[in-house]
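Remarks on the structure that follows.
The values are calculated or read from the model by the stated rules, or taken from the named source; none is laboratory data. Everything quoted here is computed from the prediction, not taken from an experiment. Backbone-built Cβ (ideal geometry, glycine too); neighbour counts: all protein chains shown.
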Amino acid sequence: MSKIKLNIDGKEIVAPQGQTILQVAGDNGIEIPTMCQDDRISRTTSCFICVVKDTKSGQWLPACSAQAQDGMEIETKTPEVNDMRKTVLELLLSEHTGDCEAPCTISCPAHARVEEYVRAGRDGELLKALKIAKERIPLPMSIGRVCPRFCEKDCRRNVLDNAGVAINDFKRLSADLYYEDYMENRKDLTGEKVAIIGSGPGGLAAAYFLRLEGVSSTIFEKMPEPGGMLRYGIPEYRLPKNILDKELAHFEKMGGIEIVCNKELGGELDLNQLKKEYDAVIIAVGSWQSSGMRTEGEELAAGGINWLEDLARNGWQGEDPGETIVVGGGNTAMDCVRSALRLTKKPVHCMYRRTEKEMPAEQIEIDEAREEGANFNFLTQPIKLRREDDKLVLECLRMELGEPDASGRRRPVPVEGSEFEVKADTVIAAIGQSTLAPEGINTNKWGDVEVGEKDCRVTENIFAAGDCVSGPATVVEAVAGGRRAAIGILAYLKGEECLFPYKINVSRGHWQSLSSEDLTFLFEPGEKGRVKQRLIDLDERVNTFNEVSYTFTEDEIAEEGKRCIECSCTAKKDCNLKDCSESYHADPEKFLGEKGHAGYNSQHPHIIMDNGKCIKCGVCVKICSEVVNEYLLGFKNRGFETKVETAFDRPLPEYCTECGKCVEACPVGALDWKKKED
Amino acid sequence: MIKRVKVGMASCGIAAGAGEVLELLKEITDEDKVVEVGCIGHCYAEPLVEIETDSGNYMYEKVQPEKEMLEQMLSLADSSRFQPNPKRIDKEELLITSLAGKIEPTSLEEYRANEGYEGLEKAKRMGKDKIIEEVKTSKLRGRGGGGFPTGIKWSFLASKDNENKVLICNADEGDPGAFMDRTLMESLPHQVLEGMLIGALATDAYKLFIYCRAEYPLAVRNLNIAIQQAVEVGLNIIGGKPVEIKVKEGAGAFVCGEETALIHSLEGKRGTPRYRPPYPTDHGFLGYPTAINNVETFANIPLIIREGGDSFEKTGTDNSKGTKLFALAGDLNYSGLVEVPMGITIGEVVYDIGGAEPGSVKAVQIGGPSGGCITAEYFDTPIDYDSLTSLGAMMGSGGLIVVGTNRCMVETARYFLEFTTRESCGKCTFCRIGTKRMVENLERITGGEGTPEDINVLKDLGKKIKQGSLCGLGQTAPNPVLSTLNYFYNEYLAHVEEGYCAAMECKALVDVFINKEECIECKQCIKNCPVDCISEGYVIDNNLCTRCNSCIEVCPKDAITRVAKGGVVRVENQT
């Protein structure tokens, strides 16, 4: 056979005549991506991701189909070629409809594999559910109780019946049942040691993820007992401390994590000393400074978080606060209101300067506080606090809502001449909290610790995580921050740059903009509404600090699991389009426009055909006709309207032998098995 | 003494009412003398009737099916005699359409009486090598748009040692506004057939197809009649063997004019192109060696063989020989089909032949929807393959659309790109999605929502679609956009930066305004407004107005005009 000589990426190559550029390059160790090429079928030449440039002729060639010719000078990796491929991918992504990852996972700050642990829970595999949750959430018992459930708010199930799947309860049940039975695989200790200042969720998570990789840590805690905000900020009735103790015991069991209490930075601990004694230091001191009311006499009010802290130190046995006014509308304010309700028979008021709609607190907290007897005074702003005999007198103004402010919420403005006074025994200002950063540490304009965006590094070998970086936030966010700091440290210890790979996620959009026709259902979604959370008696609620809600039963979880529609892509682990898009840094939002054909065919018992994901490469059509010899699939329409259809629109089951060759060959999730593998 | 009354019954004539004229003529005069002929190319004057008499031929234009008018015409009255534009007569050179509209298309006798099939007879005497030599000497290039030398293509096919060689006539004329091939097939089917049979002789191809779009029923009918007539008298017997000729009707996909897509369609497959090489001469219809030539290319062959390649080669420029048919359309006075020598300037075609007013023309779109636009300042460019390509346009198959100064070039580009986008086969990514995104982008610009970034995206994406598409359709689809971006960049900029469409064509960027000083309050506008948006005080509510132009068209005083968006403020100020 005659030979030809050509040059690919500067490499002189001798190749047999009659081969494609793709084959010649592949034989010579030069990888060219392709999505529509398959040796078993005739060429489809459709995706054009394999495009290369022949600088000799100036032509762009699809490497899968163009024959290598004598004298060619092929470029496969120049910025120009990469840009061309990026555009191909961005065009394909611009009509690609689906959810690479389910919105629950995307909106979870820790990006836990939610759909997977919900499915395990539904199938009764609760230990497996726990294992999956713990990949990202090392405090499943606590978070299973206190999480504001970002995932459920974005859950696609909302499209059907306006109620997300009760996701958090899967974590809670699986952890309640199996937490002590599961010990994760940990790498052998490397001898590297990290000092962590603060044993709240941020510090604990950092210690956990470092330990999994063999790095040991010592957690220093200024309070008498560990847990940070979990112990001293969150009331007992939401998170019982015996549960927290159980959870914390596990960290010590992992071996290599030591928690030392009553050690405070600036006291016995010296940052300069620590950074020398340890390979790295993590600052995770939280956000503990109550903001004042910024009014005359504000010192007469207790700070919300400090009031809770005192209560916690007292084992939730505080004195009767008498008639109480809590100023503020956030979750801490609700914690104060509901704790006060448990301590007194006198009225407890929540005073907030906007309306209920603008309250940052979780709706369920507001509802439960109201059930427990809280009074709400909206559109009320305190302007002065003074003591009169044994009472506190709060001078207030009525407000009305004006134009929206930077946060998008309507700004409250005072109503002229609306001054009035109220009396109370206790006034608690739960306006907000701020970070008190350790001395010598750089802070941003909010007073939070300034860290590197990717590696969470403050300076040298000092890192930071949790509320002290983000400002007051949630437990799950602190856990996510702790993990990021751990990743930053692991890279630092290896002497590597901390690089997060470029990731894309194609999304159908927020559920509020969707109807059920916009979704793909692998199977009939369960029709039942969300399982109702069972609570202890109201009487018990207002008189004790006993945990308010019950953990779901296994039956309830199995039932609730059927409500999940498993909206993530069936091909999320092996999608050629996603892989290529990520390696070429393609932006799914680059070209916005009509999406083309959505719609799917789920008539086959085991195979789903999802047109919205199809890239029209035609591989399935040719596999079925040229390899399987069945001709069950074909193209329909032309141009942008092109779609793959079953022959004569007949459902696949009638005659498909389920050989699965089309499914295996599909570069994306347009043809796939319905049953997902975890 | 009237010998024959010839009625132009090609599609253009029929559309203008020639059918009724024909029927009535048969009633009022000797039916045997009334005959159907093809098209002479002067579409603006249809229906056309030519009366052959002993003393000469007389032609009548815009003939109506009215007895009185026809009787007057039959008396050879002077009144409605057709006076063709003298400049056109001067500039045209009728080499291949000289018989169009003059003879009965389906009369083998009449074609033969006019040197028909003499080329074939001569070719049979010459033998295949000499035929190809002669075609090479003529320097005839493919008239479908590609411009590949026909002689060389035939020599490739002739060199193949295969019993099943195939020769295809590409009659899938899909460009909007182009009807060169239709006219040839309707008016001169035997001439096309003769060219094909000479090609079969030259290449040893015994299987011939004419792939014609089904939207051309008259062409299909006339071709089938011609084939039947030729077969009956044995014209298809070559070297003692019969040549099989079939007309295959296409379903009207533009991309099936691309040769590999055409072959797929002919094979009964989905009409999508494939990567070349292998070229059809190596791997064509059902894998057999196949050559594909355009209708107009074949129509040139009998003349070349009859008169000799040397003689043919004398017309045209160095690299483009012979004549070219153009379908003239758009903003000009004399639309129609013209045959001009290669090398004639664009200006001569537009102004002299088309009768467009100098100053009223902004550009021509040449080469069909995927050609490019050429501005009036380049109108002294000679029409030949290479000059047009160097200006960013292309010869294409011969569509020539004149764009008047009253047109918005962004909208014009959008119109053409929308066509190619709709006609994309959907196979390759750049063409399938890229053209769609460009159209959406242009819609944003004409809709007043474009940004300067949209223009950058158009440039970048347009370039990549040209480079990265599989077939000619995608490779040329962005041309209207890229060439207007090149020559009319300021129009794009005005749309995105000022929301201003100078041509007042983009509906989202204009208001409609009644000039009270001109208005005579005749109520015509109010009565004709389909959405009742004109008040009794003659003020247009531009929020309701759909910019349908009804009021502008009916206003007897031309008092209503489109004005730049915001003109509504001026209206309010005046009332």
Set B:K464, B:K459: member being at the interface with another protein chain (Cβ under 10 Å from one of its Cβ atoms) and either in contact with a strand residue (DSSP E or B) (Cβ under 6 Å, 6 or more places away or on another chain) or assigned to a helix (DSSP H, G or I) (or both): B:K464
Residue check: is A:E594 within 14 Å of another protein chain (Cβ to nearest Cβ), more than 15 Å from A:C36 (Cα to Cα) and touching a Lys or Arg at 6+ places or on another chain (Cβ under 8 Å)? yes
Close pairs from the range A:213-236: first buried (at least 19 other Cβ atoms within 10 Å of the Cβ), partner among the aliphatic types (A, V, I, L, M) and assigned to a loop (DSSP other than H, G, I, E, B), Cβ under 6 Å, at least 6 apart: A:S216/A:L189
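Going by what's in this entry, would B:I152 be described as over 25 Å from the mean Cα position of the chain (by Cα), over 23 Å from B:E52 (Cα atoms) and without any contact (Cβ under 8 Å) to a residue 60 or more places away in the chain? Walk me through how you get there before you give the answer.
Details: over 25 Å from the mean Cα position of the chain (by Cα): yes; over 23 Å from B:E52 (Cα atoms): yes; without any contact (Cβ under 8 Å) to a residue 60 or more places away in the chain: yes.
So B:I152 fits the description; yes.
Suppose we filter B:T484, B:T435, B:T420 for residues that are under 21 Å from B:G330 (Cβ atoms), within 14 Å of another protein chain (Cβ to nearest Cβ), of a type in the set (S, T, Y) and in a helix (DSSP H, G or I); which single one remains? Walk me through how you get there before you give the answer.
On the way: B:T484 fails: within 14 Å of another protein chain (Cβ to nearest Cβ); B:T435 fails: under 21 Å from B:G330 (Cβ atoms).
Going through B:T484, B:T435, B:T420 in turn, the sole match is B:T420.
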Given the conditions (1) farther than 22 Å from B:I433 by Cβ; (2) at pLDDT 95 or above, which single one is not true for A:P33? (1)
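Residue by residue, here is whether (1) surrounded by 23 or more Cβ atoms within 10 Å (Cβ to Cβ); (2) within 18 Å of A:A665 (Cα to Cα); (3) more than 10 Å from chain B (Cβ to nearest Cβ) holds:
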{"position": "A:N28", "(1), (2), (3)": "no, no, yes"}
{"position": "A:T34", "(1), (2), (3)": "no, yes, yes"}
{"position": "A:D39", "(1), (2), (3)": "no, yes, yes"}
{"position": "A:S46", "(1), (2), (3)": "yes, yes, no"}
{"position": "A:K56", "(1), (2), (3)": "no, no, yes"}
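Go over the candidates A:A133, A:A129 one by one and state the one that is under 13 Å from the mean Cα position of the chain (by Cα), among the small types (G, A, S) and part of a helix (DSSP H, G or I). First the steps, then the outcome.
Values: A:A129 fails: under 13 Å from the mean Cα position of the chain (by Cα).
Criteria check complete, one pass: A:A133.
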Within the range B:487-519, residues in contact with a helix residue (DSSP H, G or I) (Cβ under 9 Å, 6 or more places away or on another chain), among the aliphatic types (A, V, I, L, M) and either assigned to a loop (DSSP other than H, G, I, E, B) or within 14 Å of another protein chain (Cβ to nearest Cβ) (or both) come out as B:A502, B:A503
Consider B:A356 carefully, then state whether it is more than 14 Å from chain A (Cβ to nearest Cβ) and modelled with pLDDT of 95 or more. no
Considering each residue of the range A:69-91, count those that are surrounded by 20 or more Cβ atoms within 10 Å (Cβ to Cβ) and away from every other protein chain (no Cβ under 12 Å), and give that number. 3
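Condition test on B:G359, is it over 19 Å from the mean Cα position of the chain (by Cα), more than 28 Å from B:E258 (Cα to Cα) and outside the structural domain of B:Y44 (by TED's automatic domain parsing)? So that I can check it myself, show each step before the final result.
Numbers: over 19 Å from the mean Cα position of the chain (by Cα): yes; more than 28 Å from B:E258 (Cα to Cα): yes; outside the structural domain of B:Y44 (by TED's automatic domain parsing): yes.
Yes: the conditions hold for B:G359.
Taking the options B:I292, B:I305, name whichever one is in a helix (DSSP H, G or I) and either in the same structural domain as B:R112 (by TED's automatic domain parsing) or under 30 Å from A:L633 (Cβ atoms) (or both).
Values: B:I292 fails: in a helix (DSSP H, G or I).
Exactly one residue qualifies, and that residue is B:I305.
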Any residue in the range B:262-287 that's within 12 Å of chain A (Cβ to nearest Cβ) and closer than 19 Å to B:K153 by Cα: show its pairings with residues that are in a loop (DSSP other than H, G, I, E, B) and among the aromatic types (F, W, Y) at Cβ separation under 6 Å, as long as the two are six or more apart or on different chains. none
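Does the range B:361-383 hold any residues that are in a loop (DSSP other than H, G, I, E, B) and more than 19 Å from B:Y351 (Cβ to Cβ), and which are they?
Filtering the range B:361-383 down to residues in a loop (DSSP other than H, G, I, E, B) leaves B:367-371, B:379-381, B:383.
Residues satisfying the conditions are B:G367, B:G368, B:P369, B:S370, B:G371.
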Tell me, yes or no, whether the range A:396-405 has at least one residue that is closer than 26 Å to A:W307 by Cα, aliphatic (A, V, I, L, M) and at pLDDT below 90. no
Here is a list: B:T446, B:T435, B:T381, B:T405. Which entry is farther than 23 Å from B:G174 by Cα and at pLDDT 95 or above? B:T446
Given (1) of a type in the set (D, E); (2) free of Cβ contacts under 8 Å to residues at least 60 places away in the same chain; (3) closer than 17 Å to B:N236 by Cα, where does B:D78 come up short, assuming only one miss? (3)
Can you confirm whether the range B:454-471 contains a residue that is within 28 Å of the chain's Cα centre (by Cα), under 25 Å from A:N637 (Cα atoms) and touching a residue at least 60 places away in the same chain (Cβ under 8 Å)? yes
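Identify all residues within the range A:419-443 that are part of a strand (DSSP E or B) and farther than 30 Å from A:P321 by Cβ; write none if there are none. Outline the logic, then answer.
At the first step, the residues of the range A:419-443 found to be part of a strand (DSSP E or B) are A:420-424, A:426-429, A:433-434, A:443.
Listed by number, the list holds a single entry, A:T443.
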Which one of B:Y492, B:Y538 is hydroxyl-bearing (S, T, Y) and either at pLDDT 95 or above or under 19 Å from B:L458 (Cβ atoms) (or both)? B:Y492
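Residues A:E416, A:E400, A:E453: which one is part of a strand (DSSP E or B) and either at negative phi or assigned by TED's automatic domain parsing to the domain that holds A:S339 (or both)?
A:E400
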If I ask for residues that are among the hydrophobic types (A, V, I, L, M, F, W, C) and closer than 26 Å to B:P84 by Cα, which ones from the range B:304-334 would you list? B:L325, B:F326, B:A327, B:L328, B:A329, B:L332
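Here is a yes/no grid of residues against (1) in contact with a Cys (Cβ under 9 Å, 6 or more places away or on another chain); (2) surrounded by fewer than 22 Cβ atoms within 10 Å (Cβ to Cβ):
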position	(1), (2)
B:A200	no, no
B:D204	no, yes
B:Y216	no, no
B:N222	no, no
B:E249	yes, yes
Which listed residue, of B:I103, B:I96, B:I89, is in contact (Cβ under 8 Å) with a residue 24 or more places away in the chain and under 21 Å from the mean Cα position of the chain (by Cα): B:I96
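Does B:G56 satisfy the condition of being touching a residue at least 60 places away in the same chain (Cβ under 8 Å) and under 25 Å from B:L188 (Cβ atoms)?
On the way: touching a residue at least 60 places away in the same chain (Cβ under 8 Å): no; under 25 Å from B:L188 (Cβ atoms): yes.
No: the conditions fail for B:G56.
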